[in-house]
């Protein structure tokens, strides 16, 4: 697998405690060609830390004028991708860059256009948290699958990897966490080849900085319906 082939796109909002260690882990990966960080209006000192981290030539930092949401940050970051493949990486420590190898393998060998990293498959370690979150995730994934005719186990995962041409073909409309069902629906409707691989997961609590809430789940339901399209098949 070729080294330095991956653009890592990282939305970031008030992650002072985790931004430095996660950036170090991302840059330690042999696959990281560029790290595109979009700070979404942080007010906790994260921006000052990012200014130091941007001294690495692989790091680009873009600042949103105010907090707009994960989808808006990713829309900004995707526009800056230059590498042949890209992956979404949250700015906390829930997802491990060590999994980049398994994530991009189906892209590099030509089998896939998009790869989802499932927290519910494989033998990797997973922190045990929040029963009702897991139920909500399964319900949203089931409804998304019914609309898109995909058979994903984890539609809401952060770890999604793409060929650059997929990102170039899709316009992100959602501002917040509605990005997940939106991108899934648009990938399915366009007929891009989707793979899913098992990844590790070290979920955090709300006391540790978790931000997604029940309102985002309601929005996700709306987005599943809003972006429903008949699925196509690419040859």
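For segment 6-226, the Kirkwood estimate of the hydrodynamic radius, built from every pair of different alpha carbons, is 17.4 Å. Could you work out the relative contact order of the chain? I mean the mean sequence separation of Cα pairs under 8 Å and 6+ apart, divided by the number of residues, in percent. Normalised by residue count, the contact order of the chain is 23 percent.
Can you say what percent of the DSSP beta bridges in the chain, counting only those with both residues inside, are antiparallel? Round to 5. Among the beta bridges of the chain, antiparallel pairing accounts for roughly 20 percent.
Please compute the length gained on full extension between residue 111 and residue 168, using 0.36 nm multiplied by the number of residues separating them and subtracting their Cα-Cα distance.
Extra length from residue 111 to residue 168 when fully extended: 18.6 nm.
Every number here is computed from the coordinates shown, using simple stated rules; none is lab data. What you are looking at is a predicted structure, and each value in this text was computed from that prediction instead of being measured.
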